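Report on the structure given below.
The values are calculated or read from the model by the stated rules, or taken from the named source; none is laboratory data. These numbers come from a predicted model, not from an experiment. In this analysis, Cβ positions are derived from the backbone assuming ideal geometry, glycine residues included, and neighbour counts consider all displayed protein chains. Surface areas here come from the heavy atoms of the whole protein model, side chains and all, with no ligands, DNA or RNA. Shrake-Rupley method; radii C 1.70, N 1.55, O 1.52, S 1.80 Å.
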Amino acid sequence: MFHVKPIDPRLLRYARATRLFLAAVVGLGLVGAVLVVAQAMLVAEIVVGSFQEGRSVSALATPLLLLAGVAVARGLVSWLTELAAHRASAAVKSELRGRLLVRAAALGPGWLGGQRAGSLIALATRGVDALDDYFARYLPQLGLAVVVPVAVLARIVTEDWVSAAIIVVTLPLIPLFMILIGWYTQARMDRQWKLLSRLSGHFLDVVAGLPTLKIFDRAKAQAESIRAITSAYRQATMRTLRIAFLSSFALELLATLSVALVAVTIGMRLVHGDLDLSTGLVILILAPEAYLPLRQVGAQYHAAAEGLAAAEEIFDVLEQPVRGGGTGAVPDSVRLELDAVTVRHAGRASPRSTRRR
């Protein structure tokens with residue numbers, strides 16, 4: 001569900017903590033993939049040993065203990081991923097917020113005068129905070145989506161090439177649908193963030209100019225304006241949620257049908273004796289794991305979309321060129337006279353005249 005890139009390279013450039021976090025996510029994803037394959041094999045061994053071979057619980061003590069250890073290890077990997085996500089998110093937010101404030105100060109009053117103060121405040125506060133979901137949910141799932149399907153397919157192809165071929169054909173359909181839905185979703189999320197920025201900036205301007213508005217009896221008109229912007233933001237949010245639910249349903253349906261196709265072929269071959277029970281169980285357990293990370297990426301994209309839209313505006317500010325000053329030495333004593341000087345600012349209708357001084 002990507003508009004242009006799954007990871008904006010500017011995020012790696014402006015927030016160094018992102019690089020360490022991505023490396024940690026890939027490493028933990030590899031460990032998690034190995035644990036998924038081990039869990040499937042242990043479950044298949046326990047089921048076949050119990051129901052087909054008639055082994056007792058004491059005879060299955062070793063695989064049962066190993067299965068419990070694998071479950072604990074998967075929980076530990078999940079906890080470590082979440083811990084790394086929250087720490088990386090805090091570091092990246094702090095770094096981006098600091099860079100944003102430094103660049104805004106370096107751009108000077110001339111640039112700040114053409115910006116809405118409320119929009120900049122919303123960008124530096126809620127906009128940066130919206131990256132929490134991007135790091136805590138989206139990026140970990142993206143790492144798993146890269147590692148887990150490859151590991152699962154590598155294990156399935158050694159057991160049954162037919163099932164592996166079905167997964168290879170159907171698996172790319174999920175990212176394809178994610179991209180198609182993402183093209184439509186991104187425009188909605190950009191509009192939603194712009195409406196929020198407009199609402200924040202307009203509300204702050206109204207509060208700052210409230211005494212003047214009361215004097216000229218324009219306060220009620222501004223209240224109607226804020227109400228209209230709020231209503232537009234609410235409607236945009238509901239439309240985005242509707243798209244999120246529909247896209248999640250589409251991805252879940254596609255993944256379910258793909259797994260069902262694998263299950264039907266395995267069942268037919270089990271009935272005809274072309275496949276043993278142990279191999280069939282391993283494939284049936286691993287097949288949903290191949291689709292799950294990609295489904296989760298699609299589901300978590302909507303949670304991270306607001307942060308991505310805000311990050312675009314942050315990068316636009318960080319990439320604004322700073323005008324350089326003079327390089328000459330400042331004299332010890334200087335006298336400057338201005339007479340009939342007119343100052344014109346971009347975006348202002350009337351110039352400002354300066355008295356002689």
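Extension gain, Arg239-Val334: 0.36 nm per intervening residue step, less the Cα-Cα distance, totals 28.0 nm. Protein heavy-atom surface of segment 48-108, 1.4 angstrom probe: 65% of the accessible area is carbon and sulfur, with nucleic acids and ligands not counted.
Amide H contacts under 5 Å for Val341: Thr354, restricted to partners 5 or more places along the chain or on a different chain, H placed in the peptide plane at 1.01 Å from N. What segment 36-106 shows is 57 Å² of accessible area per residue, with the surface traced by a 1.4 Å probe over protein heavy atoms. Per-peptide packing, taken as the mean over residues of other Cβ atoms within 10 Å, places 56-65, 279-288 in the sequence 279-288, 56-65 from highest down.
Between Val26 and Leu176, the C-beta separation translates, for a Förster distance of 22 Å, into a calculated FRET efficiency of about 0.40.
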